[in-house]
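Notes follow the structure.
The values are calculated or read from the model by the stated rules, or taken from the named source; none is laboratory data. In this text the structure is predicted, and so the values were computed from the model without any measurement. All Cβ positions, even for glycine, are placed from backbone atoms using ideal geometry, and neighbour counts span all protein chains on display. Keep in mind that these areas ignore ligands, DNA and RNA; they rest on the heavy atoms of the full protein, side chains included. Shrake-Rupley method; radii C 1.70, N 1.55, O 1.52, S 1.80 Å.
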Amino acid sequence: QVQLVESGGGLVQPGGSLRLSCAASRFTSDYYAIAWFRQAPGKEREGVSCTSSSDGSTYYTDSVRGRFTVSRDNAKNTMYLHMNSLKPEDTAVYYCAGRTGPCGFVDYEYDYWGQGTQVTVSS
């Protein structure tokens with residue numbers, strides 16, 4: 001069974017930065033995707049980014065493109081979400097998710113989920 005564990009959330013002022021981590025067990029498949037989702041109070045869960053194992057390419061949703069960056073440490077089997085220029089509207093619970101197959105931003109297509117980590121952007 002694939003297990004995912006997020007960490008790194010917290011309280012930060014607008015304009016500040018945070019780095020989230022997603023530590024994952026090994027997938028049995030060579031073709032998989034690791035994504036970040038978030039859910040703000042009263043809002044639907046939305047995809048933030050998705051990284052494919054096929055070539056390492058990462059895709060971002062429009063609202064975070066240019067501010068958030070994904071990196072990967074293969075030796076530690078860990079994905080990082082670097083969050084810069086944070087805004088109050090970035091406040092949400094952030095989840096790491098995984099699935100076999102290609103990248104996508106549809107939450108119900110993902111089979112494996114972490115417990116979530118709270119990010120609060122406030123002055």
Checklist entry - If you take the residues in segment 73-94 that are over 16 Å from Tyr60 (Cβ atoms) and in a strand (DSSP E or B), which one is modelled with the highest pLDDT? => result Val93
Checklist outcome for this item: Residue set Thr100, Thr120; condition over 12 Å from the mean Cα position of the chain (by Cα), at negative phi, of a type in the set (Val, Ile, Thr) and at pLDDT below 95; output residue Thr100
Next on the checklist: Just to be sure I understand the filter: pairs with C-beta atoms under 7 Å, separated by 6 or more residues or on different chains, first member in segment 7-19 and under 19 Å from Ser71 (Cβ atoms), second member of a type in the set (S, T, N, Q) and at pLDDT 95 or above. Which pairs pass?
Outcome noted: Ser7/Ser21; Ser7/Thr117; Gly8/Ser21; Gly8/Thr117; Gly9/Thr117; Gly9/Gln118; Ser17/Asn84
Checklist entry - In segment 20-46, how many are open to solvent by less than 40 Å² (accessible area, probe 1.4 Å), closer than 20 Å to Gly10 by Cα and not aliphatic (A, V, I, L, M)? => result 5
Checklist entry - Which one is nearest to the chain's Cα centre (by Cα), of the residues in segment 83-97 that are open to solvent by less than 40 Å² (accessible area, probe 1.4 Å) and either within 9 Å of Gly15 (Cα to Cα) or charged (D, E, K, R) (or both)? => result Asp90
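Look at Ser63 and say whether it is open to solvent by 40 Å² or more (accessible area, probe 1.4 Å), in contact (Cβ under 8 Å) with a residue 60 or more places away in the chain, within 21 Å of Pro14 (Cα to Cα) and assigned to a loop (DSSP other than H, G, I, E, B).
No; evaluated as a whole, the condition is false for this residue.
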Checklist entry - Looking at this structure, is Asp55 open to solvent by 30 Å² or more (accessible area, probe 1.4 Å), at pLDDT below 95 and closer than 17 Å to Leu4 by Cα? => result no
